[in-house]
Each structure stands twice: as structure tokens, then as C-alpha cells.
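Presented below is the structure to which this report refers.
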Amino acid sequence: MAAAAPLALTGLLCLTLAAAASISCPEHKGAVSAVSGGTARLPCNFSPPVGPPAQEAKVAWQKQEDEEEVVVHFQNGRENGDFQHRRYHNRTYIQQDWFQLGDVGMELRNVRGGDNGIYVCWVTLLPLRPDSQHRCCEVALTVMAAFVTEPEPVALSPQWNHVIAWIMFIVTVSLLLFLPICWVFSNTCVRTLPPLVQPLMHHRY
């Protein structure tokens, strides 16, 4: 019985350390959208372990494509492009202190139509144990086509509106005063009128 007590204490200590080194993931499901050519932010948070930090941890974002799990981003202390699908090279970013902050949100730059889909974030604590791997987040990304906005028509200032109104008024008054005089002295005026007005003056004869 005396020998069994230290073994029980050792087992309890191991369970306590394992629990302290574990993380809590909400398994959040969300959806984001981004304009083609822009940057998409895929959020994901977890509760980092209390007590001493784990010796090592890694994060992997994956995307389901047909029957294959494509690695979008893999980070094990630092970004490791060897595990990353070539289509996502130099397009993803996760902050370096993600584990301490409990924030594994990923930026996906220069998004395109082929990036539409479901992304899943996995956080794994090392050394591997049955409960080391955690499925933290699932994010649906929708990429929208970029559109070009037509330029707005240039609006004239109130001063120019007044100027144009006065010009139209002066032209109208001038025509009303000038045409009756020409009607009387048509032989002289017709030759000086603009070509479009001359047929009107000739028509009276």
C-alpha cells in the first residue's frame, strides 16, 4: 500500500500537467467574404493553456477540395512552406505569437474565385497524445467579384448655374426684340441672320 501511494501521486501529477497544458477550442463556425484581389481575414481563437507553456505547438489551416485536404497554412514555431500547397505560397499570414495570444486567425491575400470554400483550423500540442489535436474553427469564405464604379457626373457650382441662366435669359430677350424688327426690315436683316433663321424670314413672302 505504501508503494502504491507514490505511483498514484505520480499519475495524478501527470494528469494535472496534461490538463494544464491543454487548450480550449470553441469549435467556432463562421463565414467571411472578401473582394477578388483583396485580403480575407479568417478569424479563429482559443483559450491558451494555464501554467507552463507546452514544449511545442503547431497550427494548420486546411481546405476541403474534392476528396483532398489541402494545407493552406502550416506553422510550427515559424511558417513552414514545405507542407503548404503551392497555390497558397506567399499568400497567407499568422502572427508569430499566436499560441501565447490564443489567436490563430489567418490572413489570405490576393483572394480569387478558386479560394471559395470551407477552411478548418487545427491546433496540435506536442508531444502527441490522444487529446493533443484540437479542431478549433471552421470558416466559410466567399470571394466576390470586383466591380468598377462609374464616375459621378461633375456638378456645376451654383455660380455657374447662375451664369448659364443669365446667358439663356439674355439670348431669349435678344431674339424676342430682334426678330420683330427684322420682320419689318426683312430685306436687310435676312442677309445678316444665321443660316438656320433665314428660311423662317423668307417664308413670310
When (1) assigned to a loop (DSSP other than H, G, I, E, B); (2) under 24 Å from the mean Cα position of the chain (by Cα); (3) modelled with pLDDT under 90 are applied to residue 90, the one that fails is (3)
Of (1) farther than 30 Å from residue 87 by Cβ; (2) at pLDDT below 80, residue 130 fails just (2)
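Okay, residues lined up against (1) modelled with pLDDT of 80 or more; (2) assigned to a helix (DSSP H, G or I); (3) surrounded by 10 or more Cβ atoms within 10 Å (Cβ to Cβ); (4) not hydrophobic (A, V, I, L, M, F, W, C):
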site	(1), (2), (3), (4)
111	yes, no, yes, no
125	yes, no, yes, no
136	yes, no, yes, no
161	no, yes, yes, yes
173	no, yes, yes, no
176	no, yes, no, no
191	no, yes, no, yes
201	no, yes, yes, no
Across region 96-109, the tally of residues that are in a helix (DSSP H, G or I) and charged (D, E, K, R) stands at 0
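The values are calculated or read from the model by the stated rules, or taken from the named source; none is laboratory data. Keep in mind it's a predicted model, so treat the numbers as computed, not measured. All Cβ positions, even for glycine, are placed from backbone atoms using ideal geometry, and neighbour counts span all protein chains on display.
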